[in-house]
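Engineer: What follows is a structure written as structure tokens; I'll ask about it next.
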Number of protein chains: 2
Amino acid sequence: MTQMPETAGRTRAEPPAARDVDLAAQRIAGHIHRTPVLTSSFVDALAGATVFFKCENFQKTGSFKARGASNAVLALADDDARRGVVTHSSGNHGQAIAYAAARRGIEATIVMPENANAAKKAAVRGYGGAIVECAPSASARQATLEAIVAQTGAVAIHPYNDPLVIAGQGTCAAELLAQLDAIDAVIAPVGGGGLISGTGLFISERKPSVVVYGAEPQAADHARRSLRAGRPAEPADAPVTVADGLKAPLGDLTWACVSDHVRDVFAVGEPEIIAAMRLVWERMKIVIEPSCAVPVAAILANRAVFAGQRVGVILTGGNVDLDRLPWAG
Amino acid sequence: MTQMPETAGRTRAEPPAARDVDLAAQRIAGHIHRTPVLTSSFVDALAGATVFFKCENFQKTGSFKARGASNAVLALADDDARRGVVTHSSGNHGQAIAYAAARRGIEATIVMPENANAAKKAAVRGYGGAIVECAPSASARQATLEAIVAQTGAVAIHPYNDPLVIAGQGTCAAELLAQLDAIDAVIAPVGGGGLISGTGLFISERKPSVVVYGAEPQAADHARRSLRAGRPAEPADAPVTVADGLKAPLGDLTWACVSDHVRDVFAVGEPEIIAAMRLVWERMKIVIEPSCAVPVAAILANRAVFAGQRVGVILTGGNVDLDRLPWAG
């Protein structure tokens with residue numbers, strides 16, 4: 001049902017609709033936090049706008065990925081679930097799948113490159129996930145994943161190009177709209193596009209007056225280039241950015257959602273990302289990872305676009321290595 | 001009316017009562033945030049207790065000091081206020097006084113040692129405070145302060161040994177009790193003792209079933225030694241601790257409150273403070289300063305005391321230098 005990226009083209013999956021987001025919200029209630037919305041008068045003055053920060057850094061597992069992973073895992077038929085789930089991820093999706101599987105009481109296997117950060121491996125194990133190491137290449141991780149599926153029958157859950165994952169990520173925007181009186185725009189970071197897809201499809205159906213924007217690092221701007229070209233662009237070869245959660249290109253499902261529901265995608269440079277991250281830490285006293293500093297940087301770099309508006313920003317996660325902060329010399 | 005530490009003995013000030021905390025809450029409403037209470041299932045599992053974190057790191061100026069400073073500044077008679085306010089502080093109290101004075105539209109002068117951190121000076125100026133530099137010694141700062149008072153008639157506002165400041169700090173505990181259904185204990189860090197005094201006097205009068213504890217660095221344990229001795233102990237000479245907000249000894253007013261209302265004061269070592277600070281950053285995704293990691297460390301080091309209890313912890317502030325984190329090599 002859900003498959004990994006290299007096989008996604010063979011599925012007949014359709015993008016989800018707002019109704020699927022409602023169903024996801026019901027399914028994952030009790031397994032995820034309703035995260036708070038914070039504001040900062042200092043940031044508002046800098047931006048010339050009123051900014052509402054949706055704090056998914058406070059989410060279970062430290063990122064919004066718990067939403068999509070929980071929806072995909074909890075939606076499995078019992079017969080499928082019994083065989084366990086598998087994914088490959090060296091980041092937040094791996095932790096989220098391990099967490100969701102533990103909540104359902106089934107096995108999760110996370111394929112990780114052998115050189116993955118020890119802290120990230122420990123986090124996956126902390127949620128009860130089993131780790132299978134592989135060589136650090138795309139072909140090795142795909143081969144390892146397929147071998148596990150063949151051997152155990154485990155269900156592979158893609159990090160973003162999956163209707164259930166997208167619908168789960170959309171629950172964040174649904175919450176945000178319910179938490180705020182009125183809002184003009186929402187902006188979220190774009191990597192593989194699961195979050196922006198769920199956000200865009202829900203808002204365009206339920207609150208079409210709200211404009212949805214994406215934000216990317218200049219070094220990993222697949223969505224921006226695709227939107228400009230009107231078709232999926234060539235993915236960058238091994239992009240280098242501090243926003244390590246945003247390196248993946250869009251998939252076919254997420255491209256469909258982005259092209260239908262996202263007004264524009266802004267791109268920002270590395271120094272701007274680091275400065276925005278530090279601004280949020282210093283002024284808002286919250287720990288955010290570089291990926292979610294990207295939309296903050298985009299707001300500050302595009303004051304004319306957002307002037308006087310009420311803007312929601314999704315802070316996607318707070319999983320950072322405190323021994324390697326990007327402003328350290 | 002309010003005077004600095006070296007002159008406090010000449011005043012006839014009495015410790016405030018819960019009613020003074022109520023008045024403070026009315027006075028400062030609209031000038032401070034009602035800060036949220038956060039929880040962490042991970043910390044609860046570690047502690048063997050249910051811990052409620054009162055997030056004064058999200059407070060205006062980044063610390064609870066905005067409460068006491070606002071109460072003291074807003075309570076001034078117009079004739080006194082007109083001459084401005086003055087204090088000496090290289091930390092959170094200086095920022096808080098500058099902020100409160102700006103809200104009232106009066107001048108604030110902050111006496112700071114000439115070697116004070118540039119970021120802290122910038123923060124005071126950012127809130128509109130004027131800085132007067134002095135040599136980095138207790139006698140120099142006192143002489144400078146007294147010269148300003150003599151010259152301008154400005155009102156000196158002590159950081160903790162002042163009934164209005166203590167009553168203002170007590171509003172944090174009042175909020176916390178209102179935010180929680182039931183609670184067994186509250187623990188707060190102790191430096192000069194303004195916060196623990198306001199906390200203790202309010203809770204012992206309004207909710208005497210709740211036990212109030214303090215927590216100090218072992219290197220700056222004036223309150224603990226005083227409580228053990230039954231009278232104010234000799235202050236340590238220039239204590240060295242990462243919890244730089246907790247170096248001051250109790251004053252006469254705060255000693256009176258601590259001896260009357262605080263069950264016990266725990267002392268914790270430097271490695272435990274740093275580990276607790278990092279735990280909160282990593283698991284709760286919030287930026288806290290070392291001073292408020294002290295009570296967190298105390299809970300984790302005294303599991304038997306808090307086992308199974310519902311415990312409130314006041315996270316006092318989040319003003320840290322991100323270029324000098326205590327776990328950096």
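FYI, it's all coordinate maths here, none of it is from the lab. Note that the coordinates shown come from a computational prediction; the quantities given were computed from them, not determined experimentally. Every residue, glycine among them, receives a Cβ derived from its backbone with ideal geometry; neighbour counts consider all protein chains shown.
Engineer: Enter the mean projected area of the convex hull around the alpha-carbon atoms of region B:66-156, in nm², rounded to one decimal.
Structural biologist: 5.0
Engineer: Something else: Given R₀ = 41 Å, FRET efficiency for residue A:147-residue A:26 by Cβ-Cβ distance, to 0.05?
Structural biologist: After rounding to 0.05, the efficiency reads 0.70.
Engineer: Still on this structure, please answer the following. Just counting partner chain Cβ atoms within 10 Å, what average do the residues of peptide A:313-326 show around their Cβ?
Structural biologist: Across A:313-326, the average partner-chain Cβ count within 10 Å equals 2.
Engineer: Here's another thing I want to ask about it. If R0 is 56 Å, what FRET efficiency do you get for residue A:321 and residue B:309 from their C-beta distance, rounded to 0.05?
Structural biologist: The computed FRET efficiency comes out at 0.95.
Engineer: Once you treat every alpha carbon in the protein assembly as shown as an equal point and sum by Debye, what is log10 I(q)/I(0) at q = 0.06, 0.07, 0.08 Å⁻¹?
Structural biologist: With one equal scatterer per Cα and no solvent, log10 I(q)/I(0) is -0.36, -0.49, -0.63.
Engineer: Name the residue from B:15, B:96, A:101 whose Cα lies farthest towards the positive end of the charge dipole of the protein assembly as shown, charges +1 on Cβ of Lys and Arg and -1 on Cβ of Asp and Glu.
Structural biologist: Checking the options against the dipole of the protein assembly as shown, the answer is B:15.
Engineer: Between residue B:283 and the same site in the other copies, what are the distances in nm, shortest first, taking label points 7 Å from Cα along the C-beta direction?
Structural biologist: Once sorted, the set of distances for residue B:283 reads 3.1 nm.
Engineer: Over region A:194-237, what is the relative contact order in percent, taking alpha-carbon pairs closer than 8 angstrom and at least six residues apart?
Structural biologist: Computed value for region A:194-237: 23 percent relative contact order.
Engineer: Taking just the C-alpha trace of chain B, give me its Rg and Dmax in Å.
Structural biologist: 18.3, 57
Engineer: So for region B:66-156, taking the charge dipole from beta-carbon charges (+1 Lys/Arg, -1 Asp/Glu), which of B:151, B:66, B:76 sits furthest toward the positive end?
Structural biologist: B:66
Engineer: Only Cα pairs under 8 Å and at least 6 apart count here; give the relative contact order of chain B as a rounded whole percent.
Structural biologist: With pairs under 8 Å counted, the relative contact order is 22 percent.
Engineer: Assume the label is 7 Å from Cα along Cα to beta carbon: what separations in nm does residue B:184 have to the matching positions in the other copies?
Structural biologist: From this label point to the equivalent ones elsewhere in the assembly: 5.1 nm.
Engineer: Right, another one. At a Förster distance of 56 Å, what's the computed FRET efficiency of residue A:207 paired with residue B:130, Cβ-Cβ distance as r, to 0.05?
Structural biologist: On the way: r = 48 Å, r/R0 = 0.85.
Once the sixth-power term is evaluated, E becomes 0.70.
Engineer: Just to confirm the filter: which chymotrypsin sites (Phe, Trp or Tyr not before Pro) across region B:261-329 are DSSP coil and have at most 16 other Cβ within 10 angstrom of their Cβ?
Structural biologist: Details: sites: B:266, B:281, B:306, B:327; in loops: B:327.
For chymotrypsin sites (Phe, Trp or Tyr not before Pro) across region B:261-329 that sit outside H, G, I, E and B with at most 16 neighbouring Cβ atoms in 10 Å, the list reads B:327.
Engineer: Could you grab the relative contact order for region A:66-156? Cα pairs under 8 Å, six or more apart, rounded to a whole percent.
Structural biologist: That works out to 32 percent.
Engineer: Next question, about the same structure. Plugging the Kirkwood radius over Cα pairs into Stokes-Einstein for region A:202-329, at a temperature of 25 °C and a viscosity of 0.890 mPa s, what D comes out in µm²/s?
Structural biologist: Result for D is 159 µm²/s.
Engineer: Right, next: Can you compute the helix-only [θ] at 222 nm over chain A? Use -39500 (n - 2.57) per DSSP H run of at least 4 residues, normalise by all residues, nearest 500 deg cm²/dmol.
Structural biologist: Value at 222 nm, helices only, nearest 500: -13500 deg cm²/dmol.
Engineer: Could I ask something else about it? Please report, for residue A:207, the nm distances (one decimal) from its label point, 7 Å out from Cα along the beta-carbon direction, to the equivalent points in the remaining copies, shortest first.
Structural biologist: So the distances to the same position in the other copies read 3.4 nm.
Engineer: Could I ask something else about it? Dipole size in debye (nearest 20) for region A:66-156 around its Cα centre, Lys and Arg Cβ +1, Asp and Glu Cβ -1?
Structural biologist: 300
Engineer: If the limit is 28 Å between Cα atoms, which of A:60/B:54; B:120/B:285; A:121/B:285; A:60/B:247; A:65/A:121 go over it? Walk me through the numbers before you get to the answer.
Structural biologist: On the way: A:60/B:54 20 Å; B:120/B:285 23 Å; A:121/B:285 19 Å; A:60/B:247 36 Å; A:65/A:121 17 Å.
The answer is A:60/B:247.
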